[in-house]
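The values are calculated or read from the model by the stated rules, or taken from the named source; none is laboratory data. Note that the structure is predicted; figures quoted are calculated from it, not measured. With ligands, DNA and RNA removed, areas are computed over all heavy atoms of the protein, side chains included. Shrake-Rupley method; radii C 1.70, N 1.55, O 1.52, S 1.80 Å.
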Amino acid sequence: MSSTIRVLIADDSPTMLKMYSALLSSAPDIQVIGTAKDGEEALELARTLHPDVITLDVRMPRMDGIEASSRIMSEAPSRILVISGAVDAEMSFKALQAGALEVMPKPRPGLEGLANFGVKLIHIIRTMAELPLAERRPSPPPVPGPVPTPPQPQQARVNGFGLVASTGGPPALCLLLSLLPPKLPYPIFIAQHVSDGFTAGLCQWLGAASTLQLEVAQTGTRPQPGYVYLPPDGHQLQVMLTGELLVEPIPVAKAALGDTLLSSMALAYGNRAGGAVLTGMGSDGASGLLAIKRAGGITFAQTPESCVVPGMPEAAMRNGSTDTLLSLEALASAMRALTGTVPPALPVRN
């Protein structure tokens with residue numbers, strides 16, 4: 001790829017097309033090479049222009065963003081950024097499952113909201129442009145059922161299991177949770193990097209694919225077996241020493257949601273903590289996973305070759321927080337083999 005990032009914009013609103021074009025054109029290293037008013041036109045332009053990054057709305061005439069993402073990734077692969085409103089969160093996550101890389105909300109009203117949106121849009125496009133471009137087939141719909149059982153070094157017992165993910169995480173979590181039984185004997189906690197306004201939609205989308213109970217966590221909740229907990233928008237999730245959940249706003253200068261979650265689990269559950277780092281950019285989760293390992297808990301990472309972006313699992317491998325790499329199907333099998341206990345009022349350390 002050249003030093004100039006070539007971007008194609010697709011949105012059925014002429015106003016939004018002009019706005020996005022103006023914002024992106026203000027960056028000296030970004031060139032808007034085309035605009036499309038619907039998914040069908042976006043597909044045609046992707047075939048002929050071969051952009052580095054494509055921005056897609058999800059609600060468009062003739063061909064929506066979900067089908068457009070799937071067709072583009074099959075016929076003219078590119079890095080796709082979905083820009084949509086929170087009301088279309090479920091459609092946005094389906095577009096991620098179809099091959100898009102990231103989702104971000106449309107700008108808020110007012111000059112300040114537009115300015116903040118422009119800064120974030122340019123940053124995300126620059127970050128996405130650095131990712132290797134590889135053809136990604138749409139993820140198949142999750143189908144619960146038996147999966148191969150990887151060798152288990154020992155029968156492990158956990159009071160809770162944490163999952164950390166970023167780019168590519170929603171489809172990975174969707175598949176993983178769909179392969180777990182409804183009577184899982186321990187709770188699951190998720191730290192998924194997602195834009196504000198989309199957590200409730202993510203929770204609903206994952207819940208529709210899983211027999212587990214999905215819930216947006218609240219401070220003071222005592223986690224229950226068979227439940228999956230996510231923090232609210234703009235918040236991070238921790239497990240307190242009492243076994244109850246703590247939900248706090250994310251510090252402005254800190255976005256290590258995974259490290260925060262997993263480290264708290266290491267303190268609260270000790271050798272009965274479990275965790276896994278899944279697909280994503282950066283290194284979030286690696287330090288927290290190491291804390292669980294040092295506490296005597298059980299740790300995993302997704303195999304890099306099965307990740308949309310392998311940065312986070314590779315960071316976990318580098319710091320020695322796990323030496324067990326599993327595909328999502330094998331990870332589901334390993335999690336099904338874990339036994340659980342009713343979380344005590346105080347941490348249990350054998």
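Determine the shape class of region 244-346: with a ≥ b ≥ c the square roots of the Cα gyration tensor eigenvalues, call it rounded for a/c under 1.5, and otherwise prolate if a/b is greater than b/c, oblate otherwise. Walk me through the numbers before you get to the answer.
Numbers: a/c = 1.82, a/b = 1.12, b/c = 1.62.
Note, shape of region 244-346 comes out oblate.
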Starting from a Cα-only point model with no solvent, please compute log10 I(q)/I(0) by Debye for region 167-286 at q = 0.13, 0.20, 0.21 1/Å.
-0.46, -1.22, -1.36
Per residue, how many Å² of accessible area does the chain show with a 1.4 Å probe?
41
Rounded to the nearest 10 Å², the 1.4 Å probe accessible area of residue 211 is 80
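Show me the helices of the chain, taken as full DSSP H stretches, that run 24 Å or more along their long axis by Cα and average 1.6 or above in Kyte-Doolittle hydropathy.
Helix filter hits for the chain: none.
Once you order the gyration tensor axes a ≥ b ≥ c over the Cα atoms, which shape class does region 64-106 get: rounded for a/c under 1.5, otherwise prolate or oblate by comparing a/b with b/c?
Values: a/c = 2.48, a/b = 1.84, b/c = 1.35.
Verdict is prolate for region 64-106.
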Return the long-range amide H neighbours of residue 189 (sequence gap of 5 or more, or a different chain), with a cut-off of under 5 Å between placed amide H atoms.
161, 162, 163, 229
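Between residue 47 and residue 319, what is 0.36 nm times their sequence separation minus the Cα-Cα distance? Round to one decimal in nm. List each step's numbers first, then the result.
Numbers: separation 272, 0.36 × 272 = 97.92 nm, distance 4.14 nm.
My answer for the length gained is 93.8 nm.
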What area, in nm² and to one decimal, does the C-alpha convex hull of the chain cast on average over all directions?
16.8
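With a 1.4 Å probe and all protein chains left in place, how much of the accessible area of region 191-350 comes from carbon and sulfur atoms, in whole percent?
Numbers: 3420 of 6240 Å².
The nonpolar share, carbon plus sulfur, comes to 55 percent.
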What number in nm² do you get for region 225-279 if you take the convex hull of its Cα atoms and divide its surface by four?
4.4
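Going by accessible area, probe 1.4 Å, with all protein chains left in place, what is the ranking of 119, 252, 247, largest first? Numbers along the way, then the final one.
Values: 119 105, 252 155, 247 25 Å².
Putting 119, 252, 247 in descending order of accessible area: 252, 119, 247.
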Calculate for the chain the 222 nm mean residue ellipticity that helices alone would give, adding -39,500 (n - 2.57) per DSSP H run of length 4 or more and normalising by residue count, nearest 500 deg cm²/dmol.
-10500 deg cm²/dmol
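Averaging over all projection directions, find the projected area of the Cα convex hull of region 1-132 and quote it in nm² with one decimal place. Let's see the in-between values first.
Numbers: hull surface 28.3 nm².
Here the figure is 7.1 nm², rounded to one decimal.
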Where a ≥ b ≥ c are the square roots of the eigenvalues of the C-alpha gyration tensor, would you call region 1-53 rounded, which needs a/c under 1.5, or, failing that, prolate if a/b is larger than b/c, or oblate?
oblate
